[in-house]
Amino acid sequence: MHPIQLNTDLEGALALNDNAFELCRDFLPPDGALLFTQVSRYLDYSTDIAQKPDFKVGDILKLILPFLRGAGLTNDRLAEYSRHHVSLVPKAEDAYRFLHSLDFPIFAVSAGYRQFAMAVAARLGFAPERLYCSEFDLDHYEVSAGESEELRGLMGKIVAAPAIDLPPEAKSLDDLAPEVQEAIHLLDTIFQDTIPQMDLGRIYQGTTIMGGPEKAQALEDSLAQTGLNLTNAMYVGGSLTDVPALEKVRTGNGVAVAFNGNHHAIGVAEIIVVADTAWPVALLAAIFQHWGKEGVVELAQSSRPGASRYLVLPEAMIEPIAMGLQGSTFNLYHPNTSRREDVLRDSEAMRRRLRGDAIAGLG
C-alpha cells in the first residue's frame, strides 16, 4: 500500500453548483445571473487579455460581494441558502463514504465561499479543518440605504451595457468590438473607482479569495500537515483556478486529474476523467493507494497490454467500486491520446449535461 492523500476541488468535482452565480441569480432578481456573467467576462478580460495586476483568477467572488451585501445578504442567510441548495455530483455521498473508509487524508480546496464549502463538507463527511476556501465576514459591513440604492443603480448599468464578448484570438483591448470596449471602460470605472470609494468597498480588502495561486499554496500547506509530498498527492480539479495546483502535482510526479474539466484544466492534467458520477475518483484513488501512480497511468492508457492487471484490487475495494460505476458513463483518458479535441468536447458536453449551460460556460 502506498501513502497517499487526495485534494479535490469542490464545485464541479463534488458539487454541481456554482454557489456565487446562484446567489446572484436568487438574491439579485431579475438580472443577477446576467450581472454575474458580465462581471465574470470582465474579469476574464482583465486577467487574460489586459493582465491587470490588481485582478486575479477567482476575483469574481470578491467583486460581487458589495451587491449581495447591499441586497441584505448576511453570513447566516448565506449559510442557510447554501445548506438548502447543495446539489452533489451523482453518487458523491456513497463514493466519499468509501474513500473515507480507506483511511487516507482528504482535503477540499475550493474558490467558493466557506459557508457553501461547509454545507458540502457536512454532506460528504469532510473535516472542517481540511477545507480551504474563500473567507470574509459579511456582517462586519454596515449597509446604508443610500449605498444600497447606489449599488442597485450600478447593477442596472452593468446589465444594460453591451455583452462582453471576448473572441479567442483577442490579444488587446483594440481587438474587441467598440461596444465591448465601451462596456469594459464602464466596468473599469465601477470596480476600480466607484465601489472602492464606498463604505461597502472595504469588503474588498477584507476578503481572501482561494484563487489559482492560493489553491497551489493550500496544496503545499495540506502536505505539510500530513508529512507527505507531491509524489503522494492526487489533485482533482476542473477549471481555471485549479491549473496551478494541477501543474504543481504533475511536476512533482503526483497524479493530476481533470474531472469533467474545461480546456484550462485538461491542458495541464495528466489524467482526464469524463463521468456522470463521482465513483471514478474513488477508483483512481484506490488504484493510486494500492498500485501507485504507475497503476493509474496504466489504467488511463488501457489499450496497452497488461494494463488490466491494475484493476486487480482487494475484493473489499473492487465490489463497492463496481457497484458504484454500474450504469454510469465513465471515460478515462491520458493526454497522449490522439483524440484530444474529441476528449475536450466530451468533457465540456458532460459539464453542460450535469451543471447546465449557464454554469458550465463559466471559467
A chain fully extended from Ala177 to Met118 at 0.36 nm per residue, minus the present Cα-Cα distance, gains in nm 17.0 nm
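Checking the a/c ratio against 1.5 first, then a/b against b/c, what shape does the Cα gyration tensor give for region 79-229?
On the way: a/c = 2.23, a/b = 1.74, b/c = 1.28.
Prolate shape, in that a/c is at least 1.5 and a/b is the bigger ratio.
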Rounded to the nearest 10 Å², the accessible area of Ser87 using a 1.4 Å probe with every protein chain kept is 50
By the C-alpha gyration tensor axes a ≥ b ≥ c (rounded if a/c is under 1.5, else prolate when a/b exceeds b/c, else oblate), the shape of the chain is prolate
Taking protein heavy atoms only, a 1.4 Å probe, and rounding to whole percent, the accessible area of the chain owed to carbon and sulfur comes out at 49
Lys248 neighbourhood, Cβ < 13 Å, K/R = +1, D/E = -1, net charge -4
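How charged is the neighbourhood of Asp103? Take every other residue with its Cβ under 15 Å from the Cβ of Asp103, and add Lys/Arg as +1 and Asp/Glu as -1.
Values: positive: Arg97, Arg130; negative: none.
Neighbourhood net charge equals +2.
Tell me the net charge near Ser239. Cut-off is 13 Å between Cβ atoms, Ser239 excluded, with +1 for each Lys or Arg and -1 for each Asp or Glu. Let's see the in-between values first.
Numbers: positive: Lys215, Arg351, Arg355; negative: Asp9, Glu11, Asp18, Asp44, Asp242, Glu348.
Summing Lys/Arg as +1 and Asp/Glu as -1 gives -3.
If a/c stays under 1.5 just call it rounded; otherwise compare a/b with b/c (prolate if a/b is bigger, oblate if not). Do that for region 209-363, with a ≥ b ≥ c from the square roots of the Cα gyration tensor eigenvalues. Don't skip to the end; give the middle numbers.
Working: a/c = 1.56, a/b = 1.09, b/c = 1.44.
Oblate is the answer for region 209-363, as a/c is 1.5 or above yet b/c matches or exceeds a/b.
For the chain, give the share of DSSP beta bridges that are antiparallel, in percent and rounded to the nearest 5; count only bridges with both residues there. Display every interim value, and only then the final one.
Working: 6 of 24 bridges.
That works out to approximately 25 percent antiparallel.
Would you mind checking Lys91/Lys171; Lys52/Lys293; Lys62/Lys157; Lys52/Lys91; Lys91/Lys215; Lys56/Lys248 for any pair whose Cα atoms are more than 30 angstrom apart? It would help to have the intermediate numbers written out before the result.
Values: Lys91/Lys171 42 Å; Lys52/Lys293 38 Å; Lys62/Lys157 19 Å; Lys52/Lys91 41 Å; Lys91/Lys215 25 Å; Lys56/Lys248 18 Å.
Table pairs above 30 Å Cα-Cα are Lys91/Lys171; Lys52/Lys293; Lys52/Lys91.
Over the chain, give the accessible area per residue in Å² for a 1.4 Å probe, as an integer.
Details: 15100 Å² over 363 residues.
Value for the chain: 42 Å² per residue.
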In degrees, nearest 10, the alpha-carbon axis of helix 212-226 is tilted away from the dominant principal axis of the alpha carbons of the chain by 40
Which of Arg351, Arg41, Arg77 fluctuates most in a GNM of the chain (C-alpha springs under 10 Å)? That residue is Arg77
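The values are calculated or read from the model by the stated rules, or taken from the named source; none is laboratory data. Only a predicted model underlies this, so the values are computations on that prediction, with no experimental measurement involved. Neighbour counts run over all protein chains shown; Cβ positions are idealised from the backbone, glycine included. The accessibility values were calculated without ligands, DNA or RNA, using every heavy atom of the protein model including side chains. Shrake-Rupley method; radii C 1.70, N 1.55, O 1.52, S 1.80 Å.
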